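Following: one structure in structure tokens, then a few remarks.
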């Protein structure tokens with residue numbers, strides 16, 4: 001794509017990719033939709049201001065910026081006292097044949113229990129389908145770091161979710 005210079009080119013990117021980017025932000029923010037919207041908006045504003053200096057494809061750049069901004073937010077947030085979330089009661093209902101499928105909300109909550117960098121690696125690898133090399137480039141780390149964070153992250157998710165096979169597709 002080259003350098004983004006035109007306002008309408010950036011607006012077109014946002015119009016076409018914002019839903020997918022918001023999905024990534026939602027997972028990076030551990031299911032907090034408001035925080036995800038704020039994260040995406042903040043990152044898009046920063047990228048827009050620097051659009052003339054962005055070389056290459058815009059989407060990987062934005063995803064990397066979201067992962068890094070998310071890690072920074074979690075780091076700052078962990079220094080403050082936060083309110084405990086209210087427990088949500090599940091309504092009893094008729095169950096279908098979804099017994100073998102992990103609940104999306106459970107996975108999102110479990111992702112929230114991981115360190116920000118580990119969560120970013122898993123989100124980029126398994127939800128955004130980036131390769132190890134693409135994830136490493138997006139986060140500015142080595143491929144070995146991506147491999148170890150993936151392995152440790154999946155192990156921690158298995159423990160949090162009580163399941164053995166998280167990589168089923």
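Quick note: the coordinates plus some simple rules give every number you see, no bench work behind them. Please read all numbers here as calculations on a predicted model, not as lab measurements. Glycine gets a Cβ as well: all are built from the backbone with ideal geometry, and neighbour counts include every protein chain shown.
Note on residue 147 and residue 106: the extension gain reaches 12.4 nm, defined as 0.36 nm multiplied by sequence separation minus the Cα-Cα distance. Subtracting the Cα-Cα distance of residue 19 and residue 129 from 0.36 nm times their residue separation leaves 38.0 nm of extension gain. Ordered by the number of other Cβ atoms lying within 10 Å of each residue's own Cβ, fewest first, 63, 46, 109 fall into the sequence 46, 109, 63.
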